[in-house]
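Quick notes on the structure that follows.
The values are calculated or read from the model by the stated rules, or taken from the named source; none is laboratory data. Keep in mind that what you see is a predicted model, and the values were worked out from it rather than measured. Cβ placement follows ideal geometry from the backbone for every residue including glycine, while neighbour counts extend to all protein chains displayed.
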Amino acid sequence: MTLPAALDARPDVCSACSGPLDPLGRCAKCGAVFGEAYRCPLCQAISDVEASQPPYCRCRSCGGPRIPPSASPVSEAEVALLRSARSEQLRAGAFRAGSGFALASGAISLLVTLIVFLITSPAPVAKVAAVLASLVPLALSFFTLSRARSHARKFEAALQQAWLLAATRLVAAHQGQLNAKGLAQLLRVDEPRAELLLAEVSVHDFITQPSELPPRVRVTELAEPVDPVATVETTPAASVVSRP
């Protein structure tokens, strides 16, 4: 559904407090939101966004990363990146939980093994085997923690790319006349973050669509090279001065 159709689908006034709605469907009195412009691309619920660091903004219903709604509709590429970021976010959380569980299990196992050593006197080989068995959950904990960090980096990369596309879309919608303050208001971020996004948009545009730079060096056609031997041969005899 396009944005004009989404705006037509929303009510004229807030159904909760009968307050006026802004052009996107947000109530100026109670903050309720209406219409397809506020539909979350992840959970499909009509919900507002709230600040989060990261992912800068998240859905109030599902907690997934969101791009704040604006007069320019979110592109399919942005939605795909948001879904990828959400998937990596869930995977990172699952691996963090698994790492914590393995760490706790390993610590308890090692503690029980030490208590058994104090009570009994097993053979040295049995002691080594018991300690190694207790260290297995600890090693698994470090492995799952590294996987969690890997998915967290992928989450941040996908999210950063989604916000870069959003900033590019908004700058293009305003025909390049959008400053950091205006971008910060549209994306609900602070101005330093908006300035960084504008700089990244400029670099991205320069790389993908480089402009034709004016020539800085003027190259003129060189004259034909002169043969010094031919010049001497064609020199008149009167002009040749002989040494004594």
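Residues that are among the small types (G, A, S) and surrounded by 14 or more Cβ atoms within 10 Å (Cβ to Cβ) within segment 133-146 comprise S134, S141, listed in sequence order.
Scanning segment 181-205 for residues that are assigned to a helix (DSSP H, G or I) and touching a Pro at 6+ places or on another chain (Cβ under 8 Å) turns up L186, L187.
If I filter segment 100-115 for residues that are more than 30 Å from V201 (Cα to Cα) and in contact with a Phe, Trp or Tyr (Cβ under 9 Å, 6 or more places away or on another chain), do I get at least one hit?
Yes, some residue in segment 100-115 is more than 30 Å from V201 (Cα to Cα) and in contact with a Phe, Trp or Tyr (Cβ under 9 Å, 6 or more places away or on another chain).
When every residue of segment 23-34 is checked against the conditions, none turns out to be crowded, with 17+ Cβ neighbours inside 10 Å, modelled with pLDDT of 85 or more and under 19 Å from L159 (Cα atoms).
The residue pairs whose first member lies in segment 73-94 and is closer than 20 Å to R147 by Cα, whose second member is in a loop (DSSP other than H, G, I, E, B), and whose beta carbons are closer than 6 Å, counting only pairs six or more residues apart or on different chains, are R86/L42; R86/G64. Restricting attention to segment 108-124 and to residues that are of a type in the set (S, T, N, Q) and outside any helix (DSSP H, G or I), the residue that is modelled with the highest pLDDT turns out to be T120.
Identify the residue in segment 131-151 that is of a type in the set (A, V, I, L, M) and under 28 Å from the mean Cα position of the chain (by Cα) and, among all such residues, is farthest from S99 (Cα to Cα).
Applying the first criterion (of a type in the set (A, V, I, L, M)) to segment 131-151 yields 131-133, 135-136, 138-140, 145, 148.
Filter again for under 28 Å from the mean Cα position of the chain (by Cα), leaving 145, 148.
Values: L145: 5, A148: 8 Å.
Only one residue tops the list, namely A148.
Scanning segment 43-68 for residues that are in a strand (DSSP E or B) and of a type outside the set (A, V, I, L, M, F, W, C) turns up E50, S52, Y56, R58, P65. What are the residues in segment 147-187 that are exposed (fewer than 14 other Cβ atoms within 10 Å of the Cβ), within 22 Å of P69 (Cβ to Cβ) and charged (D, E, K, R), if any? Listed by number, the list holds a single entry, K181. Among the residues in segment 132-154, are any farther than 30 Å from V49 by Cβ, in a helix (DSSP H, G or I) and either of a type in the set (V, I, T) or touching a strand residue (DSSP E or B) at 6+ places or on another chain (Cβ under 9 Å) (or both)? Yes, segment 132-154 has at least one match.
Yes/no matrix, rows are residues, columns are (1) surrounded by fewer than 15 Cβ atoms within 10 Å (Cβ to Cβ); (2) part of a helix (DSSP H, G or I):
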residue	(1), (2)
S70	no, no
P73	no, no
A77	yes, yes
L81	no, yes
S84	no, yes
S87	no, yes
S99	no, yes
L103	no, yes
G106	no, yes
